[in-house]
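Student: Dropping the structure in here first, questions after.
The values are calculated or read from the model by the stated rules, or taken from the named source; none is laboratory data. Note that the structure is predicted; figures quoted are calculated from it, not measured. Virtual Cβ from ideal backbone geometry, glycine too; neighbours counted across all protein chains shown.
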Amino acid sequence: MRTLLLALAMLVGLGLPALAVDPYEQLADPVLEARARELSTGLRCLVCQNETIDESNAGLAHDIRTLLRERLVAGDSDAQAVKAIVDRYGEFVLLRPRLHPATLMLWFGPGLVLLLAAGGAMAWLRQHRREARPPIPLSDDERRSLQTLLEEKQS
Amino acid sequence: MRKLIYALPALLFAGLAFYFVLALQPDYDPHALPSVMIDKEAPAFSLTGLNGAGISRDGFKGGPVVINFFASWCVPCREEHPLLMRLAEKEHIPLYGIDYKDTPEAARRLLGEFGNPFRAVGVDADGRAGLDFGVYGVPETYVLDGSGHIRKKFTGPLTARQVEQELLPILRQLSGGAS
């Protein structure tokens, strides 16, 4: 039973992505290390640009991880440690961009497009409904000529 | 009003096409990032020299300098090298090198083979100075003014066009006017 469980655990482990954080980079203090890992998942590696520094094997990601841990060991708060990195590389390193005038379109652009589309759809539907009014009934003249036409066809 | 709505798709396409044309320009690099260090004081560094004297930020105060981060393992740096040689020999620009994450032996071999355009080279073996500058790929070139502030950054190998249109004008401006 125990072997089975162990084998199962190993199989699950195989399915997990390999971690880029090397053991020698890790801090001895588990609390600080946990904070560093948490912050790392929100920082972009600038070489691979869509990987976090926590996942990336690039040399630069290693450097930033090390810098981040240095700051935490020096007693920085999470915000201060992240600021040290943003000061060097700009807000582009943040995978979750901050809300300010330059990022308004980024945050609300998709919602705006959705609103525009909804407005367009509504206008179209309203137009469509107006066109689908019940047909105007035939006038007496029209009814008579239709009658004659039908009779002609039958005879 | 109605006509405007019919023109809308064409207008949208024209706007989009404009951005596509911009992105197709040969100098445009979609991966280049704007530096946040522009107009800020350069980070303090003090590096041992590759041949003789070392370099430090405070040693550069007084006149504009151009700092080029390079490495012997960096292929685009070799591409850029002839241009740097020309800048040093013909334009006499104050060019300094920082050997990023490299061994002094390899760097000496590179400069011995292709020529040394730098007035002095600092060795940044662990990449710490590069990290403080916000270097994310070599080569990167920084222009520092007389007070040690970063005035311009070029990411990737310099092109002749960048040198003519940006680097030389800014150097002229920095050494001519008050800095």
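Student: Among the numbered conditions (1) part of a strand (DSSP E or B); (2) surrounded by fewer than 20 Cβ atoms within 10 Å (Cβ to Cβ), tell me where B:PHE69 comes up short.
Tutor: (2)
Student: May I pose another question? Consider B:ILE98 carefully, then state whether it is under 23 Å from B:GLU164 (Cβ atoms) and outside any helix (DSSP H, G or I). Explain how you work it out, then say what you get.
Tutor: Numbers: under 23 Å from B:GLU164 (Cβ atoms): no; outside any helix (DSSP H, G or I): yes.
When the stated conditions are applied, B:ILE98 does not pass them.
Student: Collect the residues in segment B:119-149 that are buried (at least 21 other Cβ atoms within 10 Å of the Cβ) and within 14 Å of chain A (Cβ to nearest Cβ), keeping them in residue-number order.
Tutor: Those that are buried (at least 21 other Cβ atoms within 10 Å of the Cβ) and within 14 Å of chain A (Cβ to nearest Cβ): B:ASP124, B:GLY127, B:ALA129, B:GLY130, B:LEU131, B:PHE133, B:GLY134, B:VAL135, B:TYR136, B:VAL138, B:GLU140, B:TYR142.
Student: The conditions are (1) within 14 Å of chain A (Cβ to nearest Cβ); (2) without any contact (Cβ under 8 Å) to a residue 24 or more places away in the chain, and B:LYS90 fails exactly one of them. Which is it?
Tutor: (1)
Student: Considering only residues of segment A:75-93 that are surrounded by 15 or more Cβ atoms within 10 Å (Cβ to Cβ) and assigned to a loop (DSSP other than H, G, I, E, B), which is nearest to the other protein chains (Cβ to nearest Cβ)?
Tutor: This residue is A:GLY90.
Student: Under 7 Å by Cβ, and 6 or more places apart or on different chains, what pairs join a residue from segment A:95-112 that is on the phi < 0 side of the Ramachandran plot with one that is in a loop (DSSP other than H, G, I, E, B) and among the basic types (Lys, Arg)?
Tutor: none
Student: Here is a list of conditions, (1) within 12 Å of chain B (Cβ to nearest Cβ); (2) modelled with pLDDT under 90; (3) in contact with a helix residue (DSSP H, G or I) (Cβ under 8 Å, 6 or more places away or on another chain), and A:LEU27 meets all of them except one; can you say which number that is?
Tutor: (1)
Student: Is it the case, given these coordinates, that A:ASP63 is out of contact with any helix residue (DSSP H, G or I) (no Cβ under 8 Å at 6 or more places or on another chain), part of a helix (DSSP H, G or I) and within 14 Å of another protein chain (Cβ to nearest Cβ)? Write out each step before concluding.
Tutor: Details: out of contact with any helix residue (DSSP H, G or I) (no Cβ under 8 Å at 6 or more places or on another chain): no; part of a helix (DSSP H, G or I): yes; within 14 Å of another protein chain (Cβ to nearest Cβ): yes.
It is false that A:ASP63 is out of contact with any helix residue (DSSP H, G or I) (no Cβ under 8 Å at 6 or more places or on another chain), part of a helix (DSSP H, G or I) and within 14 Å of another protein chain (Cβ to nearest Cβ).
Student: (1) crowded, with 16+ Cβ neighbours inside 10 Å; (2) facing chain B (nearest Cβ under 9 Å); (3) touching a Lys or Arg at 6+ places or on another chain (Cβ under 7 Å): which one isn't true of A:LEU72, the others all being true?
Tutor: (2)
Student: Right, next: Just to be sure before I move on: is A:ARG98 closer than 27 Å to B:ILE150 by Cβ, assigned to a helix (DSSP H, G or I) and basic (Lys, Arg) in the structure I sent? Give the steps one after another, and end with the answer.
Tutor: Values: closer than 27 Å to B:ILE150 by Cβ: yes; assigned to a helix (DSSP H, G or I): no; basic (Lys, Arg): yes.
No: the conditions fail for A:ARG98.
Student: If you don't mind, another one. Which of the numbered conditions does B:LEU12 fail, given that it passes all the others? Conditions: (1) more than 12 Å from chain A (Cβ to nearest Cβ); (2) in a helix (DSSP H, G or I).
Tutor: (1)
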